[in-house]
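See structure below.
The values are calculated or read from the model by the stated rules, or taken from the named source; none is laboratory data. Computed from a predicted model, the values in this text were never measured in an experiment. Cβ sites come from the backbone with ideal geometry, for glycine too, and all protein chains shown count toward neighbours.
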Amino acid sequence: MALINRTRHPLRSRSEIIFRNIVIVLLIAFFVLFFVLPIIMALIGSFYQWNPLRLQFNFLGLDNWKKVFTSKLFWSSMWHTVVFALAAVAFRVVLGLAAAHALYSRSIKHKSFYRTLYYLPTITPMVAVAFVWKFIFDPQFGLLNHLLGIDINWLFDGKYALPAIIILTIWKDFGFAMVIFLGSLYSLPKDCYEAAEIDGAGAWQRLVKLTIPLLRPTILFIVIVSLISYFQTYIPVMVLTQGGPGTQTYLVTYMIYEEAFVKYNFGYASALSFVVFLFIAVLTGFSFKISGERSLS
Amino acid sequence: MEKKLSILFVFVLLLNLVAWNGVSGQEAPLETTQSSTNPISDLGNPVQYDPQKPVNDGNDITLEFWYWTGAANLFQSLADQYTEIHPNVTINLVENPWNDYWTKLPLALQGNDGPVIFNFHNNQHDNIIGYMAPYDISPADLEADFVGVSGHVIEGNIYYTDYGLMTATIYYNTDMWAAAGLTDADIPTTWDEFREVAKKLTIRDDKGKLVQAGFSFNGGIQGDVLGMNYQYGQNLFTSDNKITLNNDAMKNVIQRLKDLYEVDGVGDYNFGNNSGDNFGQGMVAMYLGWGFMTNSLSQNFPDLQFNCFEIPAPTEAVPYAYHRYNGESTFGINKNAAIEQQNVAQDIVRFFLTNYKKSSAWPMQFSRQKRHCKLMRISLPYRVSLFSPIISTGIFGPVPCPVQLKPM
């Protein structure tokens, strides 16, 4: 009987049980209050003309949703977002893997120093980074033009504004991928590499035929996490270009920010948010499907 | 009998003394300050202010007064002047950054603890008007003292009006001006003259690289262009309230700006990204900015020596308008505040509106400072007779700045 009770109630004292219940209730309350209710409210609000500053809440039906899909700005913002996300993810993975592989190498000294150096931008707040890069991109006294010996107005030339934001994002974020890859590299089975060396595989072959396939789950993790994160990017746009020149750096989350917190058009912003939410959900599901199929194969 | 009459006389005397003591006890705070104040302000007509009239029956009352960053001295001065007359009133000034202000204010006004009185801008009309109480001054009376009042009347009530007008001007760096050998006589009045002056103010190095732009509109092209169409008699809206941009006037304006860079070489699209900041940083000799930049430049670049002149016109003839303008709004009163507080806020608004001598600093702060604009034909406010009739059509949105304005 005592054994059965112990299995059913692992917490022995009454105070522990009360404490557990309080913690769980608080966590649920927090989750409901700050996640579930706002999401439900946003879903409902997407069918309304909703301006909280004017206490305006008028039913519109599907008008906001129709507006999303017929808005040229939404589709161009979506396109910018896809370009931005794919480019940033690709470089994040490639640079992160390259840096991790280099640091994994036995020929590199002071590994901790480099690890810290590359990881520092990741833990620096994006707003601060964006302001620093605003100066770096400056056409008159910016470091980038000076170093490269070029004359480009990075943030105010339509050809370069989005690439500039991508460059900043890659610089800031590749350290995260590097640390994750480095951890995975250390956990790879050593005997596979010993066997490959005995079989005469070169460094490049070991990387392509062995390391990358073994790191596939890690790569997938980074890709998914990055895509979700990059589909929500708006801080560098807000600091560097405010969506300009024109609307050439409008990312979809920046558009949501503009609609919600500049125009206070919460209804339309909610509809936009749900479209992006569904897009990310589909993307994530698709990624997991690929991941599952590859794991099985 | 005589003794009884004496007792009655003493009793009445004592009663009078007690009664007088009571009255003087109530009004004592006002008596101490009213001696130095005019009985009735003669500056407002017909809107008048009587400083002897007690507010809140002389009982202590506290108000919160919100405003945005940039003119703390003016608000403090107003509060000090008012509380000097009415020491029973305490005004708590609360300063907010501009961007936060327009989110915080309407949300605060929804509740019971919002500011009783607040600084207001007409571009936030739609978000705020629902929380504002109408002034206890009739629009007709206000119209006699201020311009453009009719444009603010809503169902017979007035919730705010303009105490000053702001428009654009050409700012120029006086050190660069002097270094280029220019004097006040060189102030251009036509665009052709302006282009020549801009060339003189432009400096390039041996390789032809721009070092100092004679003029820049980078980052401000929208503000520059919208308004200059009026110089050609072209309104921004058609008679059926549709916006019109694709017209000859607008093309002329844009072409001129392009020519300044591409033909005259006085600036460059890549030479600085914000002409206002670049002007302050000493990269640019002239730029077109709105009146509030006088204050911003003075605060952000205290060593900068600058002045301003009226926007040039296509010809020597006075144009339909030089540029567009916008009004600086009087204070809003929170309709959800306690009625006693609202009454005091109404009194503060009346005090402000009728006190021209003291409030003249306000339009100067938010439009242009006289010391920087000696050459302006369009200058400080504002008697109705001095305004072009076009103002009576309302002031929302971009409308032409009348050419008839002259200082009071």
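Of note:
- Residues in region A:179-208 that are in contact (Cβ under 8 Å) with a residue 24 or more places away in the chain and among the β-branched types (Val, Ile, Thr): 2 in all.
- Exactly one residue among B:Gly289, B:Gly267 is on the phi < 0 side of the Ramachandran plot, assigned to a strand (DSSP E or B), out of contact with any His (no Cβ under 7 Å at 6 or more places or on another chain) and of a type outside the set (Val, Ile, Thr), and that residue is B:Gly289.
Quick grid of which residues meet (1) under 24 Å from B:Gln76 (Cα atoms); (2) without any contact (Cβ under 8 Å) to a residue 60 or more places away in the chain; (3) within 12 Å of another protein chain (Cβ to nearest Cβ):
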{"site": "B:Asn96", "(1), (2), (3)": "yes, yes, no"}
{"site": "B:His121", "(1), (2), (3)": "yes, no, no"}
{"site": "B:Tyr131", "(1), (2), (3)": "no, no, yes"}
{"site": "B:Tyr135", "(1), (2), (3)": "yes, no, no"}
{"site": "B:Asp141", "(1), (2), (3)": "no, no, no"}
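- Boolean, B:Leu260 is away from every other protein chain (no Cβ under 14 Å) and touching a Phe, Trp or Tyr at 6+ places or on another chain (Cβ under 8 Å): yes
- Selection count, region A:239-284, where residues are part of a helix (DSSP H, G or I), small (Gly, Ala, Ser) and without any contact (Cβ under 8 Å) to a residue 24 or more places away in the chain: 3
- Any hit, region A:143-158, residues being farther than 23 Å from A:Thr116 by Cα, in contact (Cβ under 8 Å) with a residue 24 or more places away in the chain and assigned to a helix (DSSP H, G or I): no
- Among the residues here, B:Gln299 does not qualify as touching a residue at least 40 places away in the same chain (Cβ under 8 Å) and either closer than 30 Å to B:Asn56 by Cβ or assigned to a strand (DSSP E or B) (or both).
- Being over 30 Å from B:Gly267 (Cβ atoms), of a type outside the set (A, V, I, L, M, F, W, C) and within 26 Å of the chain's Cα centre (by Cα) is not true of A:Pro163.
- Pairs meeting the criteria (first residue in region A:70-92 and among the aromatic types (Phe, Trp, Tyr), second residue at pLDDT below 95 and not in a helix (DSSP H, G or I), beta carbons under 8 Å, at least 6 apart or on different chains) are A:Phe84/A:Thr233.
- Filtering region A:51-79 to residues that are in contact with a Leu (Cβ under 9 Å, 6 or more places away or on another chain), within 14 Å of chain B (Cβ to nearest Cβ) and buried (at least 17 other Cβ atoms within 10 Å of the Cβ) leaves only A:Leu53.
- Search result, residues across region B:180-213 that are among the hydrophobic types (A, V, I, L, M, F, W, C), outside any strand (DSSP E or B) and without any contact (Cβ under 8 Å) to a residue 24 or more places away in the chain: B:Leu182, B:Ala185
- Here A:Val225, A:Val276, A:Val282 are screened, and the one residue that is among the β-branched types (Val, Ile, Thr), within 30 Å of B:Asn273 (Cβ to Cβ) and away from chain B (no Cβ under 14 Å) is A:Val276.
Yes/no matrix, rows are residues, columns are (1) within 14 Å of chain A (Cβ to nearest Cβ); (2) more than 30 Å from the chain's Cα centre (by Cα):
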{"position": "B:Tyr163", "(1), (2)": "no, no"}
{"position": "B:Ile170", "(1), (2)": "no, no"}
{"position": "B:Asp186", "(1), (2)": "no, no"}
{"position": "B:Thr190", "(1), (2)": "no, no"}
{"position": "B:Val197", "(1), (2)": "no, yes"}
{"position": "B:Gly208", "(1), (2)": "yes, yes"}
{"position": "B:Gly220", "(1), (2)": "yes, no"}
{"position": "B:Thr238", "(1), (2)": "no, no"}
{"position": "B:Ile243", "(1), (2)": "no, no"}
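- Candidates A:Leu155, A:Leu162, A:Leu168 - the one that is of a type outside the set (Asp, Glu), within 12 Å of chain B (Cβ to nearest Cβ) and surrounded by 14 or more Cβ atoms within 10 Å (Cβ to Cβ): A:Leu155
- Taking the listed residues B:Gly227, B:Gly233, the one that is out of contact with any strand residue (DSSP E or B) (no Cβ under 6 Å at 6 or more places or on another chain), of a type in the set (Gly, Ala, Ser) and either more than 16 Å from B:Val253 (Cβ to Cβ) or assigned by TED's automatic domain parsing to the domain that holds B:Ala321 (or both) is B:Gly233, with no other qualifying.
- Number of residues in region A:133-151 that are within 11 Å of another protein chain (Cβ to nearest Cβ) and either buried (at least 18 other Cβ atoms within 10 Å of the Cβ) or in contact with a strand residue (DSSP E or B) (Cβ under 8 Å, 6 or more places away or on another chain) (or both) equals 6.
- Every condition in (1) surrounded by fewer than 20 Cβ atoms within 10 Å (Cβ to Cβ); (2) in contact (Cβ under 8 Å) with a residue 40 or more places away in the chain; (3) touching a Leu at 6+ places or on another chain (Cβ under 9 Å) is met by B:Thr244 except one, and the failing one is (2).
- Annotation note: of A:Asp191, A:Asp173, the sole residue that is assigned to a helix (DSSP H, G or I), assigned by TED's automatic domain parsing to the domain that holds A:Thr284 and surrounded by 13 or more Cβ atoms within 10 Å (Cβ to Cβ) is A:Asp173.
- Checking B:Asn355 against (1) under 14 Å from the mean Cα position of the chain (by Cα); (2) of a type in the set (S, T, N, Q); (3) at pLDDT below 85, the condition it does not meet: (1)
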